[in-house]
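The values are calculated or read from the model by the stated rules, or taken from the named source; none is laboratory data. What you see is a predicted model; the values in this text were computed from it and never measured. All Cβ positions, even for glycine, are placed from backbone atoms using ideal geometry, and neighbour counts span all protein chains on display.
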Amino acid sequence: MSNVTPAPVRADAPAGGQAIITIEGLNKWFGDFHVLRDINLSVNQGEVVVVIGPSGSGKSTLIRCINHLEEHQEGRIVVDGTELTDDVRNIDLVRRETGMVFQSFNLFPHLTVLENITLAPIRVRKWKRTQAEERARFFLDKVGIPEQALKYPGQLSGGQQQRVAIARALTMGPKVMLFDEPTSALDPEVIGEVLEVMVALAQEGMTMIVVTHEMGFAREVGDRVIFMDAGQIVEVGSPEHFFLAPREARTKAFLSKIL
Amino acid sequence: MAVADRRPSVAPRIPFWRNVNTIGILAQVVFVAVILFGVVVLVTNTLNALGRANLPADFSWLGSRAGIPIAETPIPYTPNDPYWRALLIGFLNTLKIAGIGVVLASLIGIAVGVMRLASNWLVRSIATVYIELLRNIPLAVQIVFWYTAVLLPIPPRINNPVELPGGVYLSNVGLAFPFLYPTYRFGAWIPFLVVAVAAVVIGVLWRRRLARRSERPVRVWPLPLLAAVAIAGGGYYVASLDRTLPDGLAIDFTIDRGRGVVYRDVDGDGVRGPRDPVMPFASTIVRIAEAELTASTQNITESGGVVRSTFRFPMILGRDVEQAVVAFGDPDEAAERGLEIHFTRFPSRGVVFVDRDGDGAFTPGEEIDPATLTGFGGVRLVMTVFGYERHIVADRDGQVRTPAFSPSGTVRSAEVAPAENPFSVFGAAAATATRDDVVPLVADVELRPAGPLVLSRVHVPVSSYEGGMRLTVNYLALLLALVIYTSAFIGEIVRGGIQAVAKGQREAALALGLSASQTFSLVVFPQALRIVLPPVISQYLNLTKNSSLAPLAGYGELFVIATIVQNQTGASVPVALLLIASYLFISFAFAFVLNIVNDRLALVER
């Protein structure tokens, strides 16, 4: 496989910005399988980076490495000045500053919406309950479902659940938000409500890395699009670049399938 | 409407033997008839057979004298009590083993289940071995193992029990530990307890209502529980305020025998008559200014054909006496033989030895006479005790026991001092006084006012435990086997439950910055609990039913006693029915309570 893959592409953040995530020479294996190959990526504060690529290309694994849900074997990952090493303190520090939204929502079914959101602020940030609830309600309001606070996740629709998940991540006050295919498990008619929230978030200046196939979202708020295939970054460019003039054959083949 | 239109035109033409409705009813009628017939045949046959064999088929024998001695009785019982009471003891003993067994098995099971998923290889392997080993050995074998291979041979004899921290004693008789018992004052506390329970119920209902209406979450439990504790605590204080003893409360104590009975002098004649009821759990103090205890050296530990000479006085602890002096009963003879005393536990235990190597201290081996390889047996020792004072809580039968004392000064005490006394807490312990006059033995026995509860501590005055809560080795063996066996199954269930919680739950919690332990206790475990509960309930029921293997450990629970009752009365069918009913009752009670818990825990879905 490696003999056919060309040299990796660097995905450096535009000069002049302040890099909040820096990934250098990242390599990761699942057993013998080489999932991530020589990833070089940096993201500036306030930037929205959209990662696309066929399934199995390693894009989810890449962003899961950023908050250490996956352990990397080679290379450096630095988030907001903290390098991810085997030090539990560093890992906790990074996780506190990065929010993550999952494809399958992963709300805690035994807790109410409000408890889902306030759990981490109270336990990790040591906020008072009233303060945590106030912030939680602020973000619930922001994602448009203030009336669902005392319900259980099982009583909400998929779109509502994903918006709760976003509010849950935001209440911790993260500096970076990671989205792992946030709309892939949703019914088509509710995808819009989740994307709206994400667009609003991007426009407020949140640093975001979004793994998604929603090219509309990429075009609207994406600063850069990264195309990955077979564990490598194949092509980097603005959304317009990808829509109008993709360079690589693999990119063209992929885009022709999803657009 | 469409259905109603079509039906009448078709229905009248079906013959009844092809009509689904008629077939259904007919089948049920036939089925019930067959069952009824079977029951009638069975019952009449059984009754006839029992009648012919002249065996009781009713329950009239329940009231006759049982005459069954039972070692472990949670409520007062003598062999003179009727059969129903013997069976009740058995039932309570079953509850005692099932109730405690279920709690312990759950705790160990959860720990083992969690350990099986540990990232540490050693921890994981230990848990795996624990589960695989214990799950695959039959329970009966395990009971026999714990009883005959561990608990009978390994703990020290009762005359030399191990004292564990907290006043807990372990020996081959069993485990004894301090326990709180209700006194005669307990009745005054009951109203407060009732109010406290009511406060919890009403408080929780009120807080629930509040929680439903309030926009903000309300903590339901803390306030009502706090109120209940305050009410119960205040009630305890109020109930303790009355420091008078109940009318006619008296103690009949014979100091020479070291025992007495607390009773209530109903007829007021100042003497304990047969109509005066005993008073359990009264608090007493026995004080003796000066008295003596005697003991002979005994050769009780034997190993490798060598018999050692140890002595032991009834267990007196340093805190019981102001001063204690142990000396030879016949100092002249002891001096002639060169005997000396070495304490292993001052002042009640030690060995008699001859200082052959002349180092002035006891060296192992010196307690044995090299000529005979036996100890210096039969040497009489006298312990003179000054300022003995012991606080004794009467047991369930009103019994108060102390070591048996004798009047002091009957024997000339000697100049032989302990050669070495590492446990001396009284400074110089050498006895030099020589007295020939006898001091008459006077005991000051006092009944003390008590609060609603009294702490009964364990004493070992003779070769048995007194006071506290006592568990026999039979009970411990059965409990250990049931708990360990069941915990292996619960461990596997817990492991499965934890693994059944979606992986994303753990990841989401970690991504939010929760630590590994927070993730487990706040997110994974609460969800695993919901998955685990139904199979665990069935393990609880298994444990309860498996307690009927008690005969293997000689523990007198329901099955054991029922078997004896059946042998004595021949009432095989009634006893079997009682047994079935009792086990069903326990199982249903368990299932009822835990199913409610299960429903309450269920996740809210759309």
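Take the conditions closer than 25 Å to A:ASP180 by Cβ and among the polar types (S, T, N, Q) and apply them to B:GLN539. Does it pass?
Details: closer than 25 Å to A:ASP180 by Cβ: no; among the polar types (S, T, N, Q): yes.
So B:GLN539 fails the test.
Between B:ILE100, B:ILE110, B:ILE126, B:ILE75, which is surrounded by 21 or more Cβ atoms within 10 Å (Cβ to Cβ) and not acidic (Asp, Glu)?
Working: B:ILE100 fails: surrounded by 21 or more Cβ atoms within 10 Å (Cβ to Cβ); B:ILE126 fails: surrounded by 21 or more Cβ atoms within 10 Å (Cβ to Cβ); B:ILE75 fails: surrounded by 21 or more Cβ atoms within 10 Å (Cβ to Cβ).
The conditions single out B:ILE110.
Of the residues that sit in the range B:327-351 and are in contact with a Gly (Cβ under 7 Å, 6 or more places away or on another chain) and among the β-branched types (Val, Ile, Thr), which one is farthest from B:VAL460 (Cα to Cα)?
Of all residues in the range B:327-351, those in contact with a Gly (Cβ under 7 Å, 6 or more places away or on another chain) come to B:341-344, B:346.
Checking the rest, the ones that are also among the β-branched types (Val, Ile, Thr) come to B:341, B:344.
Values: B:ILE341: 22, B:THR344: 17 Å.
Checking each candidate, the answer is B:ILE341.
Going residue by residue through the range A:83-101, is there one that turns out to be of a type in the set (Val, Ile, Thr), modelled with pLDDT of 90 or more and outside any helix (DSSP H, G or I)?
First pass over the range A:83-101, keeping only residues of a type in the set (Val, Ile, Thr): A:85, A:88, A:91, A:94, A:98, A:101.
Add one more test, that the residue is modelled with pLDDT of 90 or more, and what stays is A:91, A:94, A:98, A:101.
With outside any helix (DSSP H, G or I) added as a condition, the list becomes A:98, A:101.
Checking the range A:83-101: at least one residue is of a type in the set (Val, Ile, Thr), modelled with pLDDT of 90 or more and outside any helix (DSSP H, G or I).
Scan the range A:143-152 and tell me whether some residue there is part of a loop (DSSP other than H, G, I, E, B), among the aromatic types (Phe, Trp, Tyr) and either surrounded by fewer than 23 Cβ atoms within 10 Å (Cβ to Cβ) or in contact with a strand residue (DSSP E or B) (Cβ under 9 Å, 6 or more places away or on another chain) (or both).
Yes; the residues of the range A:143-152 include at least one that is part of a loop (DSSP other than H, G, I, E, B), among the aromatic types (Phe, Trp, Tyr) and either surrounded by fewer than 23 Cβ atoms within 10 Å (Cβ to Cβ) or in contact with a strand residue (DSSP E or B) (Cβ under 9 Å, 6 or more places away or on another chain) (or both).
Among what's in the range B:495-519 and is in contact with a Leu (Cβ under 9 Å, 6 or more places away or on another chain) and touching a residue at least 24 places away in the same chain (Cβ under 8 Å), pick the residue that is farthest from the other protein chains (Cβ to nearest Cβ).
So the residue we want is B:ARG495.
Do the conditions hold for B:PRO12, that is, is it of a type outside the set (Ser, Thr, Tyr), loosely packed, with under 10 Cβ neighbours inside 10 Å and modelled with pLDDT under 90? Step through it out loud before you land on a result.
Working: of a type outside the set (Ser, Thr, Tyr): yes; loosely packed, with under 10 Cβ neighbours inside 10 Å: yes; modelled with pLDDT under 90: yes.
It is true that B:PRO12 is of a type outside the set (Ser, Thr, Tyr), loosely packed, with under 10 Cβ neighbours inside 10 Å and modelled with pLDDT under 90.
Filter the range B:520-554 for residues that are within 14 Å of chain A (Cβ to nearest Cβ) and of a type outside the set (Gly, Ala, Ser) and give the result. Quick ask: steps written out before the conclusion?
First, the residues of the range B:520-554 that are within 14 Å of chain A (Cβ to nearest Cβ): B:520-533.
Passing the criteria: B:PHE520, B:LEU522, B:VAL523, B:VAL524, B:PHE525, B:PRO526, B:GLN527, B:LEU529, B:ARG530, B:ILE531, B:VAL532, B:LEU533.
Within the range A:96-137, which residues are facing chain B (nearest Cβ under 7 Å), touching a helix residue (DSSP H, G or I) at 6+ places or on another chain (Cβ under 8 Å) and not acidic (Asp, Glu)? Before the answer, list the steps.
First pass over the range A:96-137, keeping only residues facing chain B (nearest Cβ under 7 Å): A:96, A:100, A:102, A:104, A:106, A:108-110, A:114, A:119-120, A:123-124, A:133.
Remaining after also requiring touching a helix residue (DSSP H, G or I) at 6+ places or on another chain (Cβ under 8 Å): A:100, A:102, A:104, A:106, A:108-110, A:114, A:119-120, A:123-124, A:133.
Across the range A:96-137, the qualifying residues are A:MET100, A:PHE102, A:SER104, A:ASN106, A:PHE108, A:PRO109, A:HIS110, A:LEU114, A:LEU119, A:ALA120, A:ARG123, A:VAL124.
Tally time: how many residues in the range A:161-179 are surrounded by fewer than 24 Cβ atoms within 10 Å (Cβ to Cβ), closer than 21 Å to A:THR22 by Cα and within 12 Å of chain B (Cβ to nearest Cβ)?
The qualifying residues number 4.
Does A:ILE258 satisfy the criteria of being more than 12 Å from A:VAL49 (Cα to Cα) and touching a Gly at 6+ places or on another chain (Cβ under 9 Å)? Spell out how you get there, then give the answer.
Working: more than 12 Å from A:VAL49 (Cα to Cα): yes; touching a Gly at 6+ places or on another chain (Cβ under 9 Å): no.
The answer is no for A:ILE258.
Name every residue in the range B:60-114 that is closer than 30 Å to B:THR46 by Cβ, aromatic (Phe, Trp, Tyr) and out of contact with any Leu (no Cβ under 8 Å at 6 or more places or on another chain), in order of residue number.
Answer for the range B:60-114, where residues must be closer than 30 Å to B:THR46 by Cβ, aromatic (Phe, Trp, Tyr) and out of contact with any Leu (no Cβ under 8 Å at 6 or more places or on another chain): just B:TRP61.
Being assigned to a loop (DSSP other than H, G, I, E, B), in contact (Cβ under 8 Å) with a residue 60 or more places away in the chain and farther than 25 Å from B:ALA550 by Cβ is the filter here; which residues of the range B:126-176 pass it?
B:ASN159, B:ASN160, B:GLY167
Which number in (1) part of a helix (DSSP H, G or I); (2) surrounded by fewer than 18 Cβ atoms within 10 Å (Cβ to Cβ) marks the one condition that A:CYS65 misses?
With (1) part of a helix (DSSP H, G or I); (2) surrounded by fewer than 18 Cβ atoms within 10 Å (Cβ to Cβ) applied to A:CYS65, the lone miss is (2).
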